[in-house]
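The block underneath contains the structure these notes are about, expressed in structure tokens.
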Amino acid sequence: MSHNHAHKAPKTISGLMVAIGINIVITVFEIVLGIVANSLALISDAAHNLTDIGSMVLGYVTEKMVARPANDKRTYGYRKMEFVTAFVNGLILLLVTGYILYEGIIRLFTAPEVISGVMFYVGLIALLGNTIATWILTKSSKNNTNMQAVWLHSLQDALSSLGVVMGAVIIKFTGWNIVDPVISILIAVFLIKSIYHLIKRTVDALLDSVPEGIDYEEVKRDLLQIKGVTKLNDLHIWLESSRLPMLSVHLQIEDLNDLEQIFQEAKKLLFDKYHIEHTTIQIIPVDFEMKSEYCN
């Protein structure tokens, strides 16, 4: 049985383009007025938006590539590009967040005067734009690691914009300019955990690790409990994309007359319990010994 490994590009690509446009406007706006207001929070927010634009463009290109069909050279198509892009975006996000954290710490000791009025209104406009962009991207990020990375970029900006607004209000009524870098530090620390988990998931996927939520030993036990199966080897479970877990396995059986029944039962088990639809199950007689060079 053959499978077509291409899939349609998400309809939310149009929403992604809208989000890109919103971020371009916000970035230019914040860079100019952030310099005027002497606000690190505004400038850091602009930096986040700048990485958002790159992230969204990269995400758009990736979704287009993933939709391309498999060919004689890339028999699984381009699905893994989802994880490559998410990994790159995760690293960029980590570097930007690390830099903002560093700048925030430096400014704790030399907090310059901030023009809170400009900071407030610019932050408010950016918050509105970033919130809309994040909302647009939310649905497409549910089961797509690439889009989840893009969404995380946008969420970071929304939180940063919220921090800018809150900081401007506090500075206005207290005169505490140190609030500006403190808010940048808090936002950076808050997001580092999410960024770490995103990078970890993409590395696991690129290394063909067993997907989260699937217990390798439990799958192995369940397959061995199928009546007629005597031995199991070369069990591999991995993600071809966020929406496509895959499995391959060799099952040794007592009676080849039960081959069709065992095959169907194994397929049903893997689909019903583990939601693994794409499987390669090789069934061999119990007295057949696979040579080691064929079992890797």
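The values are calculated or read from the model by the stated rules, or taken from the named source; none is laboratory data. Just so we're clear, the structure is a prediction, and the values are computed from it rather than from any experiment. With ideal geometry, Cβ positions are generated from the backbone for all residues, glycine too; neighbour counts draw on all protein chains shown.
For the range 253-266, how many residues are assigned to a helix (DSSP H, G or I) and within 15 Å of GLN225 (Cβ to Cβ)? Talk me through it step by step, then tell me what you get.
Filtering the range 253-266 down to residues assigned to a helix (DSSP H, G or I) leaves 256-266.
Okay, now just the ones that are also within 15 Å of GLN225 (Cβ to Cβ), so 258, 261-262, 265-266.
Number of matching residues: 5.
Does any residue of the range 275-283 turn out to be crowded, with 18+ Cβ neighbours inside 10 Å, among the aliphatic types (A, V, I, L, M) and closer than 30 Å to VAL150 by Cβ?
Yes, that holds for at least one residue.
Taking into account only those residues within the range 205-252 that are assigned to a strand (DSSP E or B), surrounded by 18 or more Cβ atoms within 10 Å (Cβ to Cβ) and touching a Ser or Thr at 6+ places or on another chain (Cβ under 6 Å), which is modelled with the highest pLDDT?
Taking the candidates together, the pick is LEU247.
Tell me yes or no: at least one residue of the range 27-37 is part of a loop (DSSP other than H, G, I, E, B) and either at pLDDT 80 or above or of a type outside the set (Val, Ile, Thr) (or both). If you could, list the steps in order and put the result at the bottom.
Filtering the range 27-37 for residues part of a loop (DSSP other than H, G, I, E, B) gives none.
Within the range 27-37, none of the residues are part of a loop (DSSP other than H, G, I, E, B) and either at pLDDT 80 or above or of a type outside the set (Val, Ile, Thr) (or both).
For the range 69-97, give me the residue count where each residue is under 17 Å from the mean Cα position of the chain (by Cα), outside any helix (DSSP H, G or I) and free of Cβ contacts under 8 Å to residues at least 24 places away in the same chain.
Residues that pass the stated criteria total 1.
Quick check: anything in the range 40-48 in the same structural domain as LYS142 (by TED's automatic domain parsing), at pLDDT 70 or above and acidic (Asp, Glu)?
no
Taking the range 110-131 as the search range and keeping residues that are part of a helix (DSSP H, G or I) and either outside the structural domain of LEU155 (by TED's automatic domain parsing) or of a type in the set (Val, Ile, Thr) (or both), which one is nearest to ILE20 (Cα to Cα)?
Out of the qualifying residues, it is THR131.
Matching residues to (1) in contact with a helix residue (DSSP H, G or I) (Cβ under 7 Å, 6 or more places away or on another chain); (2) surrounded by fewer than 24 Cβ atoms within 10 Å (Cβ to Cβ); (3) more than 29 Å from GLY15 (Cβ to Cβ); (4) not small (Gly, Ala, Ser):
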| residue | (1), (2), (3), (4) |
| --- | --- |
| VAL122 | yes, no, no, yes |
| ALA126 | yes, no, no, no |
| THR131 | yes, yes, no, yes |
| THR134 | yes, yes, no, yes |
| SER141 | yes, yes, no, no |
| VAL164 | yes, no, no, yes |
| PHE173 | no, yes, yes, yes |
| SER184 | yes, no, no, no |
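Name the pairs: first residue in the range 1-28 and closer than 18 Å to LEU137 by Cβ, second residue part of a loop (DSSP other than H, G, I, E, B) and modelled with pLDDT under 50, Cβ to Cβ under 9 Å, at least 6 apart or on different chains?
LEU16/PRO10
Closer than 22 Å to SER55 by Cα and either in the same structural domain as ILE106 (by TED's automatic domain parsing) or not in a loop (DSSP other than H, G, I, E, B) (or both), is that true of ILE192?
Answer is yes for this residue.
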